[in-house]
Amino acid sequence: MARKAAGRPPEETLSLWKREQALLKTLVVDRDTEAWQRDPAFSGLQRVGGVDVSFVKGDSVSACASLVVLSYPELEVMYEDCRMVSLTAPYVSGFLAFREVPFLVDAVQQLREKEPRLMPQVLFVDGNGVLHHRGFGVACHLGVVTDLPCIGVAKKLLQVDGLENNALHKEKIRLLKAGGDSFPLMGGSGTVLGMALKSHDHSTKPLYVSVGHKMSLEAAVRLTHGCCKFRIPEPVRQADIRSRDYIRRTLGVQGAPALRPERSKKAQRPKACPQGASEEPAASSHPLPPGLLAARVFQRRQRDPATRKRLSWAWRASVLGCAGFLAPAAALTHH
């Protein structure tokens, strides 16, 4: 039976979410942090990851969260983890991370514990990074919490800071001739929020690339182009294909597309894949609610010993709002 997520959260919860975004935004790094990022050929880069959340048709709660890791530059799948989850936090524009990121963090943590040698050196996220209402999209959120370089790749232009999909924007798109061509997305504030990229010679629609974490925009655009066999970067494309296929196989959903051989070489199941992935949806709440996760990350990253003190209970209670509910006391005392 199809289920629907709760309605729009109360304004109090949205205010708490905004505070958490503002807190974590201070930790975003928008420059290259790894030697391979500064190399013209990305020498030293061996593993690229992609994440996706696919929904069961007609059901806004049941979904499949997936993480794939591909070899670079071959772009062959080395690892995949697909699992059914229940997303009970509603979708609210600008707050996608509070709906999806906890489950993607789970997938990354599982990989880090089980197969650390396969950890991706960068993650592609189907969504925005700093190209966001408050400069902190899902790619930033996932990057800061996992401490991994992240790239936001969106299929549609998020119209913020004066950016518009108007006639001028469409004319700039028309002038993109070859794969790799791009133009900057400069907001009304004068800040370059991302780049519109023609990702493939035969693509008619651009991708909107923005910094997520620990990578410059220039390197993010170059790597995105280098990971595109088709319009969508292969890590994200494979995560999407495999999550949809997992839904079809697990729930027997009619019409959910299987692996699509016509768009790629016949996909091979990776040799390294977590065993025993549950076919039942995961619990609706993360062991550490997003707000608490933010508090832990903030504490862990602070360099000033004076600011590393334990957050007060009152402050914790003020940032732990999620889907209209505060975290239970047991979660607050979790170490």
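The values are calculated or read from the model by the stated rules, or taken from the named source; none is laboratory data. These numbers were taken from a predicted model, which means no experiment stands behind them. Here the Cβ positions follow ideal geometry from the backbone for every residue, glycine too, while neighbour counts run over all protein chains shown. Keep in mind that these areas ignore ligands, DNA and RNA; they rest on the heavy atoms of the full protein, side chains included. Shrake-Rupley method; radii C 1.70, N 1.55, O 1.52, S 1.80 Å.
Structural remarks
- With respect to the stated conditions, TYR91 is among the aromatic types (Phe, Trp, Tyr), open to solvent by 30 Å² or more (accessible area, probe 1.4 Å) and over 19 Å from ILE232 (Cβ atoms).
- Those residues of the range 165-190 which are part of a loop (DSSP other than H, G, I, E, B) and surrounded by 12 or more Cβ atoms within 10 Å (Cβ to Cβ), in sequence order: ASN165, LEU176, GLY179, GLY180, ASP181, GLY187
- Picking from residues in the range 112-136 that are in contact (Cβ under 8 Å) with a residue 60 or more places away in the chain and not in a loop (DSSP other than H, G, I, E, B), the one that is nearest to HIS225 (Cα to Cα) is PHE124.
- ARG134 fulfils the conditions (1) closer than 23 Å to ASP32 by Cα; (2) modelled with pLDDT under 95 except for a single criterion, (2).
- Matching residues in the range 191-215 - criterion: being part of a loop (DSSP other than H, G, I, E, B) and either over 17 Å from the mean Cα position of the chain (by Cα) or among the basic types (Lys, Arg) (or both): THR191, LYS198, SER199, HIS200, ASP201, HIS202, SER203, THR204, LYS205, PRO206, LYS214
- Candidates ALA65, ALA35, filtered to the one that is at pLDDT 95 or above and within 18 Å of ILE241 (Cα to Cα): ALA65
- Test: residue in the range 242-262 that is at pLDDT 95 or above, open to solvent by less than 20 Å² (accessible area, probe 1.4 Å) and either within 19 Å of the chain's Cα centre (by Cα) or not assigned by TED's automatic domain parsing to the domain that holds THR33 (or both): yes
- Pair list, Cβ under 6 Å, 6 or more apart: the range 138-159 residue over 14 Å from GLY94 (Cβ atoms) and assigned by TED's automatic domain parsing to the domain that holds LEU217, other residue open to solvent by less than 20 Å² (accessible area, probe 1.4 Å) and small (Gly, Ala, Ser): GLY143/GLY212; CYS150/ALA139; CYS150/GLY143; CYS150/GLY212; ILE151/GLY212; ILE151/ALA220
- Taking the range 1-60 as the range and being in contact with a Gly (Cβ under 8 Å, 6 or more places away or on another chain), of a type in the set (Phe, Trp, Tyr) and either assigned to a strand (DSSP E or B) or within 30 Å of GLU115 (Cβ to Cβ) (or both) as the test, the residues that pass are TRP36, PHE42.
- Every condition in (1) in a loop (DSSP other than H, G, I, E, B); (2) more than 27 Å from LEU157 (Cβ to Cβ); (3) in contact (Cβ under 8 Å) with a residue 12 or more places away in the chain holds for GLU74 except the one numbered (3).
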